[in-house]
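Everything on this sheet refers to the single structure shown next.
Readers should treat all values here as calculations from the given coordinates under stated rules, not as data from a laboratory. Just so it is clear, the structure is predicted and the values come from calculations on it, not from any experiment. In this analysis, Cβ positions are derived from the backbone assuming ideal geometry, glycine residues included, and neighbour counts consider all displayed protein chains.
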Amino acid sequence: MNYPAASGRGIRSLAKIVIKHTVSAKVQMNYHILLGEDNHQYSVPYIYIGKQTQVVYDYSEVEIFINFKRIALHKRIPTNLGYTTVSEHMPSHHPKQKEAMGWDAGFFLRYAQSIGPNTAEFLSKFSGTMHFTPNSISNSGTITFSFWCLVAINSLLPLNIF
């Protein structure tokens, strides 16, 4: 078989091929989705909290869809543990967001109470020194809760374990 010789124009058009990847991600309480490959979070409009999304990404951008409708577009920034947030995605009264979500010091004290009264008493002694921000809380809240318990325990120990 005879194949036509590759022209310069044909080779350039091959360079425009971009490989896209697709994953599912749930919008977290902090109105971000986690792109696990980079361990980086990208914001979506807060009205989609709790919704399942389809994330389509390549080397340069991240598109987030719900029911085939694009709800967010970001430049891909593969920074480990980073956040990319568009201010328009935030609730109009952002400072009250964590209160609206229920993830404040009271949330964690109630969670501690569900474990047991000793856990709640122990954590309540340190709740004044804890700072709760939406981006420091995992989707379930348990990672941050565990972290603050370790901080509280560490503050009682003579050795610095961190």
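For LYS69 and GLN52, compute 0.36 nm times the residue count separating them, minus their Cα-Cα distance, and round to one decimal in nm.
4.9 nm
Using a 7 Å offset from the Cα along the Cα-to-Cβ direction at both SER114 and SER60, what is the distance between the two label points in nm, to one decimal?
Placing both labels 7 Å beyond Cα along the Cβ direction yields 4.5 nm.
Is there a pair in LYS16/LYS75; LYS51/LYS75; LYS26/LYS69 whose C-alpha atoms are over 20 Å apart, and which pairs would that be?
LYS51/LYS75
ALA72's amide H: which non-local residues (gap 5+, or another chain) put their own amide H closer than 5 Å, with H modeled 1.01 Å from N in plane and none for Pro or chain starts?
ILE64
Under 5 Å between amide H atoms, partner at least 5 residues away or on a different chain: which partners does ASN30 have, H built in plane at 1.01 Å?
Answer set, sorted by chain and number: none.
Mind giving me the FRET efficiency for TYR83 and LYS20? R0 is 22 Å, r the Cβ-Cβ distance, nearest 0.05 is fine.
0.45
Starting from the amide H of TYR83, placed 1.01 Å from N in the peptide plane, find each other amide H under 5 Å away whose residue is 5 or more places distant or on another chain.
GLN41
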